[in-house]
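The values are calculated or read from the model by the stated rules, or taken from the named source; none is laboratory data. Computed from a prediction, not measured in an experiment: that's the story for all the values here. Virtual Cβ from ideal backbone geometry, glycine too; neighbours counted across all protein chains shown.
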Amino acid sequence: AALLALALPLTSAQVPTESPAIALGSVVPAPLEVRQHGAAFRITDRTVIEAPRSARNVADRLAEALRPATGYRLPVVGQAGSNKISLRTDGSPGYRLTVTKSAITIGARENAGLFAGVQTLRQLLPPAIDAATPQRAKWVVSGGEIVDRPRFEYRGAMLDLARHFHTPAEVKKYIDAISRFKINYLHLHLSDDQGWRIQIDSWPRLTAVGGAPGTGVDGAGGGFLTKADYRDLVRYAADRYVTIIPEIDMPGHVNAAQVAYPELTCDGVAPPPRTDTEVGYSSLCIGKDVTYRFVEDVIRELAALTPGPYLHIGGDEAHATTEADYIAFQQRVLPLVAKYGKTPYGWNEIDQAPAATGAVLQYWNLEPTFTPVHASKVVLSPANRAYLDMKYDPATRLGLSWAAYIEVDDAYGWDPLSYTPERNILGVEAPLWSETLRSIDDIEFMAFPRLAAIAEIGWSARKDWESFRTRIREYYPRWELQGVDFYRSPRIG
Ligand code: TNX
């Protein structure tokens with residue numbers, strides 16, 4: 001799809017130069033307050049980007065976004081008169097975007113807010129702004145003001161690198177696409193029965209064996225991240241105000257680790273490598289000391305690589321672990337995450353352990369209400385609403401259907417507050433499991449437009465399907481120009 005977009009730049013016939021400026025509120029996720037008034041601003045070959053040193057990174061992202069399609073220089077400067085896009089640090093939580101004839105101003109307390117404002121601005125320009133080569137278009141933005149801030153502080157996406165490895169270049173392309181919708185956490189599922197995808201120096205066979213060619217579902221998902229790859233991804237994400245959350249899944253989902261290190265089983269015998277999609281058959285050996293040396297080494301190395309606050313230890317579907325063993329395991333392991341300076345994070349099963357006090361839970365179950373017993377905060381990922389690997393309908397070529405078919409309006413039509421009181425909620429996350437996915441096109445086809453629906457649930461205070469439907473329909477040409485694949489839902493039209 002990326003090649004196609006490059007090969008077919010928009011012709012002037014496809015981009016009417018007289019098209020009216022986009023309405024100020026026509027953005028996904030929907031902004032909080034919008035007042036359209038006054039004259040529009042037009043970006044010209046003389047426009048400059050004004051930013052203080054502290055916001056240089058955001059200014060660079062803005063310039064990168066606007067230069068290819070406009071063909072303008074758009075220099076980043078410390079101070080300018082008029083005809084400028086100005087980034088400034090002010091008191092606004094979220095961001096405030098003001099458009100007058102002489103300037104576009106984005107103000108925010110933090111760079112993350114400025115970056116969110118930049119994503120809004122990109123959607124207020126004609127879709128041709130996403131072309132990779134200079135386009136003939138009037139780069140006009142409607143006059144007025146947007147005051148916007150997130151409903152929840154955590155708006156996440158998850159990629160499963162274990163069932164099929166996805167390369168750093170693919171993960172970066174996904175970060176580009178999700179950060180446009182103000183997603184600010186990317187959870188990487190780095191280990192499972194079929195593969196181990198992150199270098200751990202103290203246990204090198206994890207990747208030498210668990211990341212080898214032939215691992216993954218159907219033997220088609222080999223590969224792993226070196227520590228250098230991972231650090232580079234963390235940096236790339238941080239430059240887009242996305243925080244990486246690593247997950248090592250345990251005590252279940254560990255077959256790949258046990259193939260590499262048979263001492264991690266109770267009988268010391270290596271199990272056969274698995275390339276099927278079954279779940280719930282493997283378990284670390286809860287009574288063995290080596291189990292906790294292994295777990296502590298992995299947590300220590302991952303914590304040292306990860307600047308973000310969270311470390312996810314999985315904990316789901318441990319059907320091969322007794323309940324008593326499961327709790328005993330989490331009682332020892334949850335505190336290890338804190339020992340290395342991170343907030344423990346796990347799938348909702350970890351709430352069985354009293355040591356989950358202070359942890360974050362990721363709720364993936366289907367029951368419509370949930371009250372944490374031990375954990376402090378919940379990230380909502382109900383599988384029948386937020387799982388991007390569920391098929392859209394029975395005809396969808398990719399994906400699974402054990403939780404539901406999830407059309408775009410199903411992904412949009414739920415409220416976190418109906419699950420648990422607001423004080424428990426950290427935010428929402430849309431996981432994408434990779435049993436059936438190979439390429440970045442596969443990932444994108446399952447993620448979009450549903451990820452945009454989840455992003456709006458996480459960001460916007462008000463929700464309206466008809467309005468979302470219209471705004472996301474208007475986004476389609478942007479995905480086409482970005483070379484991002486997506487599902488043309490009949491519900492959107
Ligand atoms: C359940 S839900 C899983 C994963 C599978 C996924 C497929 C959860 C925490 N675990 O192991 O990949 O279903 O949809």
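Remarks
- Members of region 455-468 that are in a helix (DSSP H, G or I), in contact (Cβ under 8 Å) with a residue 60 or more places away in the chain and of a type outside the set (A, V, I, L, M): Glu456, Gly458, Trp459, Ser467, Phe468
- Cross-chain or 6+ apart pairs with Cβ under 7 Å, region 432-454 first and assigned by TED's automatic domain parsing to the domain that holds Asp160, then modelled with pLDDT under 95: Asp441/Ala1
- Exclusive hit being farther than 23 Å from Ala21 by Cβ, touching a strand residue (DSSP E or B) at 6+ places or on another chain (Cβ under 8 Å) and of a type in the set (Asp, Glu), set Glu153, Glu145, Glu170: Glu153
- Test: residue in region 462-476 that is touching a helix residue (DSSP H, G or I) at 6+ places or on another chain (Cβ under 8 Å), among the β-branched types (Val, Ile, Thr) and not assigned by TED's automatic domain parsing to the domain that holds Glu367: yes
- Candidate set from region 147-164 (those that are part of a loop (DSSP other than H, G, I, E, B) and surrounded by fewer than 24 Cβ atoms within 10 Å (Cβ to Cβ)); member that is farthest from the ligand (Cβ to nearest atom): Arg149
- Tyr261 vs. criteria surrounded by fewer than 21 Cβ atoms within 10 Å (Cβ to Cβ) and touching a Lys or Arg at 6+ places or on another chain (Cβ under 7 Å): yes
- Pairing residues of region 170-185 that are on the phi > 0 side of the Ramachandran plot with residues that are surrounded by fewer than 24 Cβ atoms within 10 Å (Cβ to Cβ) and assigned to a loop (DSSP other than H, G, I, E, B), at Cβ distances under 9 Å and at least 6 apart in sequence or on separate chains, gives Lys182/Pro150; Lys182/Tyr241.
- Look at (1) surrounded by fewer than 17 Cβ atoms within 10 Å (Cβ to Cβ); (2) in contact with a Pro (Cβ under 8 Å, 6 or more places away or on another chain); (3) of a type in the set (A, V, I, L, M) and you find that Ile472 fails only one, number (1).
- Of the residues making up region 439-451, those that are farther than 16 Å from Arg180 by Cβ and either hydrophobic (A, V, I, L, M, F, W, C) or within 15 Å of the ligand (Cβ to nearest atom) (or both) are Asp442, Phe445, Met446.
- The lone criterion from (1) surrounded by fewer than 16 Cβ atoms within 10 Å (Cβ to Cβ); (2) within 16 Å of the ligand (Cβ to nearest atom) left unmet by Val269 is number (2).
- Single residue of Asp218, Asp192 found to be surrounded by 19 or more Cβ atoms within 10 Å (Cβ to Cβ) and either more than 16 Å from Glu301 (Cα to Cα) or within 14 Å of the ligand (Cβ to nearest atom) (or both): Asp192
- Criterion: free of Cβ contacts under 8 Å to residues at least 40 places away in the same chain, among the charged types (D, E, K, R), assigned by TED's automatic domain parsing to the domain that holds Trp433 and out of contact with any Asp or Glu (no Cβ under 7 Å at 6 or more places or on another chain) - qualifying residue of Arg231, Arg205, Arg235, Arg240: Arg235
- Subset of region 400-425 (residues that are within 24 Å of Glu435 (Cβ to Cβ) and within 16 Å of the ligand (Cβ to nearest atom)): Leu400, Ser401, Trp402, Ala403, Ala404, Tyr405, Ile406, Asp410, Ala411
- If the condition is being surrounded by fewer than 23 Cβ atoms within 10 Å (Cβ to Cβ) and of a type in the set (Gly, Ala, Ser), then region 336-365 contributes Ala338, Gly341, Ala355, Gly358.
- Residues in region 81-109 that are touching a Lys or Arg at 6+ places or on another chain (Cβ under 6 Å), assigned to a strand (DSSP E or B) and touching a residue at least 60 places away in the same chain (Cβ under 8 Å): Ala103 alone.
- Of all residues in region 394-424 being over 26 Å from Asp176 (Cα atoms) and among the aliphatic types (A, V, I, L, M), the one that is surrounded by the fewest Cβ atoms within 10 Å (Cβ to Cβ): Ala395
- Positions within region 477-488 being in contact with a Pro (Cβ under 9 Å, 6 or more places away or on another chain) and buried (at least 19 other Cβ atoms within 10 Å of the Cβ), in sequence order: Arg478, Trp479, Glu480, Leu481, Phe486, Tyr487
- Selection within region 1-42 - farther than 26 Å from Ala455 by Cβ, in a loop (DSSP other than H, G, I, E, B) and modelled with pLDDT of 95 or more: His37, Gly38, Ala39, Ala40
- If you filter region 302-335 down to residues that are over 23 Å from the mean Cα position of the chain (by Cα) and crowded, with 20+ Cβ neighbours inside 10 Å, you find that the one that is nearest to Val254 (Cα to Cα) is Ala318.
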